[in-house]
Amino acid sequence: MINTPETYSSNEITEYIKSKNVKKISKEFLKTEKVYSFIFFGIAFIIMNNVVFKEMGIISTLIYFVLNTMAIIYLKKKKCQISSFNKIIAGIIYVFSLTFSITENGFIKFLDNNFLLVLLAYFIYSVSCGHKKVESFMLIAILKSFIELPLNHFDKEMYALKSALKGTKAGSNLITVILALIISVPLTLFVFMRLVDADSMFNAIMGNISELFSEGDIRSIVLKLVFSIPIACYIFGLFYSNANPENKDIITSESFKAMLDKSRKIKNIALYSAVTPICVLYIIYVFSQIAYFISPFAAILPEGYSYAEYARSGFSGLMGIAVLNLAVIIVMNYCAKNSGQNKPKALAVYSFMLCAFTLFIIATAIAKMVMYISEYGLTQLRVYTMWFMILLTFLFLMIIIRQFKRDFNIVKYFSIVFVAMFAVLCFSRPDACIVKCNIELYENGYIDEVDESQFFGTSDDAYLTAYKNGYINDEKLEDYVSYKSFYDKLNYSTFMLWVYSE
């Protein structure tokens with residue numbers, strides 16, 4: 001653990017690390033780490049049994065509540081100071097953990113799971129390294145904390161378990177008991193089979209008991225235990241490595257600036273020469289297709305296109321252009337010899353032109369999607385597409401601001417926008433909104449029909465909304481809920497369906 005100064009400064013952190021001569025992570029494990037090595041294995045099994053093979057619901061919420069709380073306790077045990085910035089991150093983890101319990105949308109829960117895991121890793125890393133604000137190197141720190149460090153310390157879970165069991169009477173006894181049980185399994189099964197064959201009464205009694213533990217169930221439990229091991233190793237590695245960073249793992253503003261300086265090797269004139277033909281081509285393309293692009297703003301469908309083809313062409317074209325232009329802008333701004341605070345106006349103008357063209361494509365793609373939605377209503381894909389295009393709009397607008405306001409912290413403000421938009425996506429329960437919107441469009445005469453496949457083919461968020469609006473009767477509801485298991489009901493929508501069916 002590295003105790004950093006209360007007032008954040010990259011120079012102070014670097015000097016503090018040197019003064020303390022921090023070199024390698026200690027091979028000794030704290031008592032907390034030894035205890036966590038057992039707890040993480042239990043959590044890993046719960047994840048395998050109740051999350052991976054079941055629907056993620058309130059159990060997933062509780063898992064992230066527990067992991068976040070364990071991270072805070074662990075960092076306090078390491079005597080780390082949790083800044084206001086890091087408290088906000090911890091709060092975000094708690095809030096977004098609720099997503100699993102309020103929606104049954106599998107894709108949203110998948111995105112939320114990844115978001116929380118990444119944020120948990122960065123939370124531990126940023127506290128340990130003394131980061132007290134959003135820095136420009138945040139993305140690199142996230143990749144390091146989420147991927148590099150946990151994988152580099154993937155084996156620490158086993159060493160911690162060994163350290164916890166080694167040299168203690170309880171540990172030696174536990175190992176002895178486990179080995180004895182493993183050895184006794186073949187003998188026990190042999191005796192069991194002989195007794196079952198020898199006595200009909202014993203056979204009847206044990207037959208009823210054995211039904212509770214079928215061969216498939218035992219095989220499933222064994223597989224879950226086996227796959228729980230790498231999950232536990234990753235979680236322990238995530239906690240341990242991010243809370244015990246070595247000198248080389250700590251990123252500061254100075255080290256990040258030095259890395260950027262090394263990458264600035266391409267002459268500006270070479271970049272201008274390479275990008276100019278692209279910009280000219282974009283200008284010609286816009287003028288040649290001006291009527292095609294203006295059509296969506298006037299709500300006119302070009303001849304030879306269906307609404308679906310028109311909307312898809314807009315999004316597919318947008319994706320290629322956005323990725324290409326973003327890559328070119330990154331290369332121009334981080335690889336040009338004259339860039340950074342001394343960025344010449346020409347570089348800013350080229351970046352602005354690429355952003356402006358991308359924003360124009362985004363605007364037309366959004367207009368096409370609005371036309372499509374006005375004719376056929378909402379679907380999951382249309383909502384996700386609109387969400388993503390709006391997010392891209394914020395990104396390229398911020399890149400434009402950055403070109404003319406050099407001290408604009410694009411990482412900070414885009415992080416805020418992303419978290420806010422992701423919160424809208426998670427907590428709005430989009431499937432419920434889709435059904436509600438389509439019902440209103442249908443009842444007001446804007447669309448010809450409500451696609452009932454959305455009720456059954458999306459999630460219980462949609463089904464619950466359809467039931468509340470009278471599009472599903474009680475008989476269908478009872479039949480639908482009868483196929484739900486206990487674990488399926490551990491979220492708001494499915495639970496409410498079960499309540500209404502009673």
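The values are calculated or read from the model by the stated rules, or taken from the named source; none is laboratory data. Only a predicted model underlies this, so the values are computations on that prediction, with no experimental measurement involved. Heads up, the Cβs are rebuilt from the backbone with ideal geometry, glycines too, and the neighbour counts pull from every protein chain shown. When the accessible area is computed, the model is the full protein with side chains, heavy atoms only, and any ligands, DNA or RNA have been set aside. Shrake-Rupley method; radii C 1.70, N 1.55, O 1.52, S 1.80 Å.
Residues of the range 234-282 being aliphatic (A, V, I, L, M), touching a residue at least 40 places away in the same chain (Cβ under 8 Å) and over 30 Å from residue 152 (Cα atoms), which ones? Of everything in the range 234-282, those that are aliphatic (A, V, I, L, M), touching a residue at least 40 places away in the same chain (Cβ under 8 Å) and over 30 Å from residue 152 (Cα atoms) turn out to be 266, 271, 275, 278. Counting the residues of the range 475-502 that are more than 11 Å from residue 460 (Cβ to Cβ), assigned to a helix (DSSP H, G or I) and not hydrophobic (A, V, I, L, M, F, W, C) gives 7. Taking (1) at pLDDT 90 or above; (2) touching a helix residue (DSSP H, G or I) at 6+ places or on another chain (Cβ under 9 Å) in turn, residue 416 satisfies each apart from (2).
The residues listed here are 434, 447; of these, the one that is modelled with pLDDT of 90 or more and touching a helix residue (DSSP H, G or I) at 6+ places or on another chain (Cβ under 8 Å) is 434. Taking the range 111-127 as the search range and keeping residues that are more than 11 Å from residue 86 (Cα to Cα) and open to solvent by less than 10 Å² (accessible area, probe 1.4 Å), which one is farthest from the chain's Cα centre (by Cα)? Applying the filter and picking the extreme gives 121. Filtered by the rule that a residue be open to solvent by 40 Å² or more (accessible area, probe 1.4 Å), over 22 Å from residue 438 (Cβ atoms) and of a type outside the set (D, E, K, R), the range 464-493 gives 482, 483, 485, 486, 487. Only a single item in (1) touching a helix residue (DSSP H, G or I) at 6+ places or on another chain (Cβ under 7 Å); (2) closer than 25 Å to residue 38 by Cα; (3) open to solvent by 10 Å² or more (accessible area, probe 1.4 Å) is not met by residue 162, and it is number (1).
For residue 400, are the conditions met, namely being free of Cβ contacts under 8 Å to residues at least 60 places away in the same chain, closer than 30 Å to residue 344 by Cα and surrounded by 15 or more Cβ atoms within 10 Å (Cβ to Cβ)? It is true that residue 400 is free of Cβ contacts under 8 Å to residues at least 60 places away in the same chain, closer than 30 Å to residue 344 by Cα and surrounded by 15 or more Cβ atoms within 10 Å (Cβ to Cβ).
Those helices (runs of 4 or more DSSP H) of the range 21-100 in which 3 or more residues are modelled with pLDDT of 95 or more occupy 58-77, 84-97. Exactly one residue among 37, 83 is farther than 23 Å from residue 425 by Cβ, open to solvent by less than 40 Å² (accessible area, probe 1.4 Å) and touching a Leu at 6+ places or on another chain (Cβ under 6 Å), and that residue is 37. The set of residues from the range 128-154 being under 19 Å from residue 32 (Cβ atoms) and open to solvent by 10 Å² or more (accessible area, probe 1.4 Å) comprises just one member, 153.
So that you can scan it fast, the table gives a plain yes or no per residue for (1) in contact with a Lys or Arg (Cβ under 6 Å, 6 or more places away or on another chain); (2) assigned to a helix (DSSP H, G or I); (3) open to solvent by less than 40 Å² (accessible area, probe 1.4 Å):
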position: 360; (1), (2), (3): no, yes, no
position: 389; (1), (2), (3): no, yes, yes
position: 406; (1), (2), (3): no, no, no
position: 416; (1), (2), (3): no, yes, no
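Scanning the range 228-255 for residues that are part of a helix (DSSP H, G or I) and farther than 23 Å from residue 34 by Cα, we see that the one that is least open to solvent (accessible area, probe 1.4 Å) is 249.
State all residues of the range 256-276 that are within 30 Å of residue 145 (Cα to Cα), over 29 Å from the mean Cα position of the chain (by Cα) and part of a helix (DSSP H, G or I); if no residue qualifies, say none. Hits for the range 256-276 are 258, 261, 262, 263.
Condition (residue is assigned to a loop (DSSP other than H, G, I, E, B) and more than 30 Å from residue 139 (Cα to Cα)) applied to the range 429-438: is it met by at least one residue? Checked against the condition, which is being assigned to a loop (DSSP other than H, G, I, E, B) and more than 30 Å from residue 139 (Cα to Cα), the range 429-438 yields no hits at all.
So, in the range 423-456, exactly how many residues are under 27 Å from residue 98 (Cα atoms), open to solvent by 60 Å² or more (accessible area, probe 1.4 Å) and of a type outside the set (D, E, K, R)?
Number satisfying all stated conditions: 4.
Can you name the residue in the range 368-378 that is open to solvent by less than 40 Å² (accessible area, probe 1.4 Å) and in contact (Cβ under 8 Å) with a residue 24 or more places away in the chain and, of all such residues, is farthest from the chain's Cα centre (by Cα)? Among residues in the range 368-378 that are open to solvent by less than 40 Å² (accessible area, probe 1.4 Å) and in contact (Cβ under 8 Å) with a residue 24 or more places away in the chain, the one farthest from the chain's Cα centre (by Cα) is 371.
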